Amino acid sequence: GTMDVNVTGTPGPAGPISGPSPICSSTYGVRYSIAPVPGAENYIWSIPPGILVETGLGSNAIIVDIPSGTSSGTFSVYTENGCGSGSPSPPFLLTLNQPVTVNAGQGDTLCESSPFTVKGATAVNYSSLHWNTSGQGTFSDVAVLNPVYFPAAGDTGLVHLTLVAHGISPCHDDSSELILFYNVKPSVDAGNNGIVCGGASYLLSTSSAVNFKELIWTSSGTGVFNDSHVLHPVYSPSADDILNGQVVLVLSASPFAPCEASQDSMLLTMAKGPSANAGTGGVVCGGSPFTVNNATASNYSHIQWTSNGRGVLTGDTSLMPTYIPVSDESGTVVLTMNVHGIIPCNDSVVQSRVSVIVYTGINADAGPDQLIPDSTSTFLAGSVQGGSGDFSYQWEPSSLLINPKVIGPETKVLTNDTVFILRISDNKTICSGTGSVRVRVKKSPPPPPPPPTEDCIIVHNVITPNGDGLNDKFIIECIENFPDNSVQIFTRWGDVIRKFERYDNKSVVWDGTNDKGEPMPDGTYYYILNIKNQTSRTGWVFVRDSSK
């Protein structure tokens, strides 16, 4: 018989190993294999230290895990059977790159717009770096490990800064972030400047503030706030504030760290309210005016006086009004000065009063005018109305009266017209009255003057009618006392040149001309003067015109 005998030789050589390289450590489930070797009963793998085989030992394909930190090394594999071992595969170099490790460092809390310098960032096993931000700011250099971050205006609250480290292929990238918190600076406005009347309280209604932890109001004066920690407190000025006229109110806002505090101020002016002093009173008599002359007022827009009397008040919008009581008015009259303030005290009105004591006036009457004979005396008939009834009397001129202190005195003998003045004083008041009377003295007519005589007549017998104002006309002195007269002028031969009736040296006068107004030649002329009931006068008059 026969038998089959299988003759087996040693396995063939192992082929090249296939699988990934380089590779990143910390990679798991990586497959490496060779092509099946004929006659191989077992595959013997040689792997670098630290690499763990999950499955496939003894086969032509293995699955391995490569823990972090494993170093690069060489794979090889050979086969064996009952006849022996085959030659190994060519060495397979496994290059291991380490994974990236990155730390962005510690974040911080900052005030808006504050730059942030990255400190303590670390990264290993990277090919390059890049910083990103969730905000709108910029980096001094996005590719360096510790750049400076410059926030934008809109970067408030949480801002994430992310550091990305790109791994060395085929290792993956890694990233780390830090968190910045940007607090917003306080914004504060103390509001508009204000003005109050006197010591009135003032509500700070226009102030505003945001992004603050706490508010506090302070004053440059000594007034008080009803609550200095609220946004809209009420400020009550002190007496010193009012005296000084104004205070500065400061609103301060404490920040969220690390921002700085913020403050703003406003000026509060204390306007002075109106003041009034009606002055001192006085005493007047009915019908006599009383003028206020020492009233004062300040910080006012206008003044208005009133009275409770029956008289007339004039100048009632001035500091010097005048009250005129009616003649029969008496008692106390109150004059009230109302002083109205100016803005902001325009709703403020202050009053001051002054009293005027009014006594019933006196009407003095010295009696009717009189006409008495010359060198006689008379009685004066004075009378009085009004007043208290208790009077004193005084007549002037007292030297012409028997008793000048009675109401109806007798005069002394009067020879001239005289005006007597009666003054009556009320003994219980300040009132007085004055009257006057005229006493005329009827004189006897004076004797008529004696009739003029011819002795006063003087005839000027020279005229020089040249217009020089001297001796230009024929003058007969005293002729005006004898109006019933006539004058005739003749030539030396007896011819009549002129005739005059009622010669008066003025409108009726000879000027050296004939009846036609022609000048007479120089020479001697004859005149006849006739006066009624008197003897006639004749004579010569010489005419000479010296201008010729």
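The values are calculated or read from the model by the stated rules, or taken from the named source; none is laboratory data. Predicted, not measured: the structure shown is a model, and the values here were computed from it. When we count neighbours, we look across all protein chains shown, and the Cβ atoms used for this are built from the backbone with ideal geometry, even at glycine. Just the protein is used for accessible areas: all its heavy atoms, side chains included, with ligands, DNA and RNA removed. Shrake-Rupley method; radii C 1.70, N 1.55, O 1.52, S 1.80 Å.
Values as computed for the structure displayed
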| quantity | calculated |
| --- | --- |
| Heavy-atom accessible surface of region 332-455: percent carbon and sulfur, 1.4 Å | 53 |
| Solvent-accessible area per residue, Å², over region 464-548 with all protein chains present [probe radius 1.4 Å] | 61 |
| Region 115-163: relative contact order in percent, alpha carbon pairs under 8 Å with at least 6 residues between | 43 |
| Cross-link table K499/K532; K405/K428; K412/K443; K473/K516; K506/K532, entries beyond 26 Å C-alpha to C-alpha | none |
| Where region 406-449 is the region considered: accessible area per residue in Å², 1.4 Å probe | 60 |
| Accessible-area ranking of S228, S355, S399, largest first, probe 1.4 Å | S399, S355, S228 |
| P(r) weight above 22 Å for region 315-425, C-alpha pairs, percent | 56 |
| P(r), alpha carbons of region 187-289 - 5 Å bins starting at zero, rounded % | 3, 12, 21, 17, 12, 8, 6, 4, 4, 3, 3, 3, 2, 1, 1, 0, 0 |
| Proximal aspartates and glutamates relative to K442, as straight alpha-carbon distance under 12 Å, when same-chain residues fewer than 8 apart are discounted | D374, D417 |
| Kirkwood-type radius of the chain, with distances r between different C-alpha atoms, in Å | 41.4 |
| Taking N as its residue count, the alpha carbon Rg of region 126-243 over 2.2 N^0.38 Å | 1.91 |
| Cα pair count fraction exceeding 22 Å, expressed as % - region 80-194 | 51 |
| Accessible surface of I421 - all protein chains present, 1.4 Å probe, nearest 10 Å² | 70 |
| Residue order for W45, W305 - accessible surface, 1.4 angstrom probe, largest first | W45, W305 |
| Value in Å of the Kirkwood radius, where region 359-483 supplies the Cα pairs that are averaged | 19.0 |
| Kirkwood-based shape ratio for region 244-311, expressed as Rg/Rh from alpha carbons | 1.46 |
| Charged-residue dipole, Cβ positions (Lys, Arg, Asp, Glu), the chain about Cα centre, Debye nearest 20 | 2440 |
| When region 195-253 is reduced to its Cα atoms, the Kirkwood hydrodynamic radius in Å | 11.8 |
| Full-stretch length increase - S275, S536 - with 0.36 nm per residue and alpha-carbon distance subtracted | 84.0 nm |
| Per-bin percent of Cα-Cα distances, region 80-125 [10 Å] | 17, 21, 16, 12, 11, 10, 8, 5, 1 |
| Selection from H160, P483, N226, by position along the positive dipole direction of the chain (Cβ) | P483 |
| Reachable lysines, given that their alpha-carbon falls under 22 Å from the alpha-carbon of K185 and they are not under 8 places away in the same chain | K213 |
| The chain - Cys residues lacking any other Cys C-beta under 4.7 Å | C83 |
| Part-to-part distance (alpha-carbon centres) for region 135-185 and region 100-118, which is given in Å | 7 |
| K272, K473, reordered so the largest accessible area comes first (probe 1.4 Å) | K272, K473 |
| Solvent-accessible area, 1.4 Å probe, carbon plus sulfur percent, for region 143-224 | 55 |
| Residue-normalised accessible area of region 1-150, expressed per residue, 1.4 Å probe, Å² | 53 |
